[in-house]
Amino acid sequence: MRLYSGFGIFLFAITLTFGAVMWMKSLQWAWFSTMYAVYYFAGSAWLTIATVYVITMILDRIGALREVLHNHQ
């Protein structure tokens, strides 16, 4: 699985950016932008980081990560 994960991350990034641009193009056919895909991908990366943080905090509060997380973390 680790062999395919690098390719999967690249494939996800490409399909996410092309999907966002094509979705916007389908709503407004005369629309164009050179940075919209980069902006959309960066926003999704920030949302992923925030989601992982919230899930980690919830799991820490219920005690599921007691052996993994310590006080200094």
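The values are calculated or read from the model by the stated rules, or taken from the named source; none is laboratory data. Since this is a predicted model, take the numbers as computed values, not measurements. Cβ placement follows ideal geometry from the backbone for every residue including glycine, while neighbour counts extend to all protein chains displayed. When the accessible area is computed, the model is the full protein with side chains, heavy atoms only, and any ligands, DNA or RNA have been set aside. Shrake-Rupley method; radii C 1.70, N 1.55, O 1.52, S 1.80 Å.
For first residues located in region 46-64 and on the phi < 0 side of the Ramachandran plot, partners that are at pLDDT below 90 and not polar (S, T, N, Q) and lie 6+ apart or on another chain with Cβ distances below 8 Å form the pairs Thr56/Leu65; Thr56/Leu69; Leu59/Leu65; Asp60/Leu69. Here is the figure for region 1-52: residues that are closer than 30 Å to Leu65 by Cα and not in a helix (DSSP H, G or I) total 1.
Filtering region 53-73 to residues that are in a loop (DSSP other than H, G, I, E, B) and open to solvent by less than 80 Å² (accessible area, probe 1.4 Å) leaves Gly63, Ala64, Leu65, Leu69.
Within region 23-44, how many residues are surrounded by 11 or more Cβ atoms within 10 Å (Cβ to Cβ) and closer than 23 Å to Phe10 by Cα?
So the first thing to find is which residues in region 23-44 are surrounded by 11 or more Cβ atoms within 10 Å (Cβ to Cβ), and the list is 24-25, 31, 33, 36-44.
Next, from what is left, pick out any that are closer than 23 Å to Phe10 by Cα: 24-25, 33, 36-44.
The total comes to 12.
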